[in-house]
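Colleague: One structure follows; several queries about it will come next.
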Ligand SMILES: NC(=O)c1ccc[n+]([C@@H]2O[C@H](COP(=O)([O-])OP(=O)(O)OC[C@H]3O[C@@H](n4cnc5c(N)ncnc54)[C@H](OP(=O)(O)O)[C@@H]3O)[C@@H](O)[C@H]2O)c1
């Protein structure tokens, strides 16, 4: 096992090693970054990508959960785990260094819901709102900026994970929803500015995850689909078809 180059927070590396080179088969490898890959949609998607032969750089704040999730990934590709917060510039730099020269797929999945239970806007703690915007908007763009050279070389696909709360005025969802609305506009403009990339905003729909449970504390959410039932196939379909940005 080796550490990602020059990074103190890097976790184990599994697989054939090297940087963006070739798998043992001799075929070029494809590389993806998945944020928020310690649970929920991120970890499930990472599993499908690893099974499809992608090399992965995965991140989340909680190191133990991230490494436990990475340890279950199938396939023979490299899996680099970098624990850290996407709002931390040093962490974003570490992710860019771990990626190396070329990147095929960036999944901007890590996200903050804000306080639970969800407060009405008149009661919102503005510092908590600022943090939600920092995670869900500013850090998403900043990470994309950090990875742009590699995405440009890889003619990469960027998937920004959004929510119907970006467009629906659900009571209590004003903070999170406005952050996702801003996220959508940021990545719509990026798509217009960078037609050489494929930039997509994907609403995964309701999913049975920790975030969803925190949004509906105490409620039975067992009727919501798991990420692998709807959201993951939708993202894999984008990857397979590579339609124009949208
Ligand atoms: N679940 C739903 O019903 C639903 C519906 C619509 C949209 N979405 C969107 O789908 C995406 C995935 O949601 P999910 O339900 O799978 O959420 P989840 O189960 O809560 O997982 C969130 C992941 O993001 C990581 N994360 C959170 N804040 C982070 C930060 N600042 N830096 C780095 N990593 C961070 C978490 O790990 P750590 O806490 O250890 O950092 C975790 O790995 C999100 O963008 C969410 O907004 C979800």
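Colleague: Restricting attention to segment 226-244, does a residue exist that is within 14 Å of the ligand (Cβ to nearest atom), free of Cβ contacts under 8 Å to residues at least 12 places away in the same chain and surrounded by 14 or more Cβ atoms within 10 Å (Cβ to Cβ)?
Modeller: No; the residues of segment 226-244 include none that is within 14 Å of the ligand (Cβ to nearest atom), free of Cβ contacts under 8 Å to residues at least 12 places away in the same chain and surrounded by 14 or more Cβ atoms within 10 Å (Cβ to Cβ).
Colleague: Picking from 38, 43, which residue would you name as being modelled with pLDDT of 95 or more and touching a strand residue (DSSP E or B) at 6+ places or on another chain (Cβ under 7 Å)?
Modeller: Working: 43 fails: touching a strand residue (DSSP E or B) at 6+ places or on another chain (Cβ under 7 Å).
Going through 38, 43 in turn, just one is modelled with pLDDT of 95 or more and touching a strand residue (DSSP E or B) at 6+ places or on another chain (Cβ under 7 Å): 38.
Colleague: Any chance you could count how many residues in segment 65-90 are under 18 Å from residue 40 (Cα atoms) and part of a loop (DSSP other than H, G, I, E, B)?
Modeller: So the count comes out to 6.
Colleague: Of everything in segment 150-193, what is touching a strand residue (DSSP E or B) at 6+ places or on another chain (Cβ under 7 Å) and outside any helix (DSSP H, G or I)? Give them in sequence order.
Modeller: 156, 157, 158, 159, 160, 161, 162
Colleague: While we're looking at this one, here's another question. Is it the case that segment 147-165 has a residue that's crowded, with 17+ Cβ neighbours inside 10 Å, in contact (Cβ under 8 Å) with a residue 12 or more places away in the chain, out of contact with any helix residue (DSSP H, G or I) (no Cβ under 8 Å at 6 or more places or on another chain) and more than 15 Å from residue 186 (Cβ to Cβ)?
Modeller: Checked segment 147-165: at least one residue is crowded, with 17+ Cβ neighbours inside 10 Å, in contact (Cβ under 8 Å) with a residue 12 or more places away in the chain, out of contact with any helix residue (DSSP H, G or I) (no Cβ under 8 Å at 6 or more places or on another chain) and more than 15 Å from residue 186 (Cβ to Cβ).
Colleague: While we're on this one: Within the group 11, 26, which residue is modelled with pLDDT under 95, farther than 26 Å from residue 210 by Cα and either assigned to a loop (DSSP other than H, G, I, E, B) or touching a helix residue (DSSP H, G or I) at 6+ places or on another chain (Cβ under 8 Å) (or both)?
Modeller: One residue alone meets the criteria, 26.
Colleague: Output yes when any residue across segment 209-224 is surrounded by 15 or more Cβ atoms within 10 Å (Cβ to Cβ), more than 9 Å from the ligand (Cβ to nearest atom) and in contact (Cβ under 8 Å) with a residue 40 or more places away in the chain, and no when none is.
Modeller: No: segment 209-224 contains no residue that is surrounded by 15 or more Cβ atoms within 10 Å (Cβ to Cβ), more than 9 Å from the ligand (Cβ to nearest atom) and in contact (Cβ under 8 Å) with a residue 40 or more places away in the chain.
Colleague: Out of 122, 132, 34, 58, which single residue is on the phi < 0 side of the Ramachandran plot, away from the ligand (no atom under 11 Å from the Cβ) and outside any loop (DSSP other than H, G, I, E, B)?
Modeller: On the way: 132 fails: away from the ligand (no atom under 11 Å from the Cβ); 34 fails: away from the ligand (no atom under 11 Å from the Cβ); 58 fails: away from the ligand (no atom under 11 Å from the Cβ).
Going through 122, 132, 34, 58 in turn, just one is on the phi < 0 side of the Ramachandran plot, away from the ligand (no atom under 11 Å from the Cβ) and outside any loop (DSSP other than H, G, I, E, B): 122.
Colleague: Restricting to segment 91-108, and then to whatever is more than 13 Å from the ligand (Cβ to nearest atom) and assigned to a helix (DSSP H, G or I), can you tell me which residue is surrounded by the most Cβ atoms within 10 Å (Cβ to Cβ)?
Modeller: Here the answer is 99.
The values are calculated or read from the model by the stated rules, or taken from the named source; none is laboratory data. The structure displayed is predicted, hence computed values, not measured ones. Here Cβ is always computed from backbone atoms with ideal geometry, including for glycine, and neighbour counts include all displayed protein chains.
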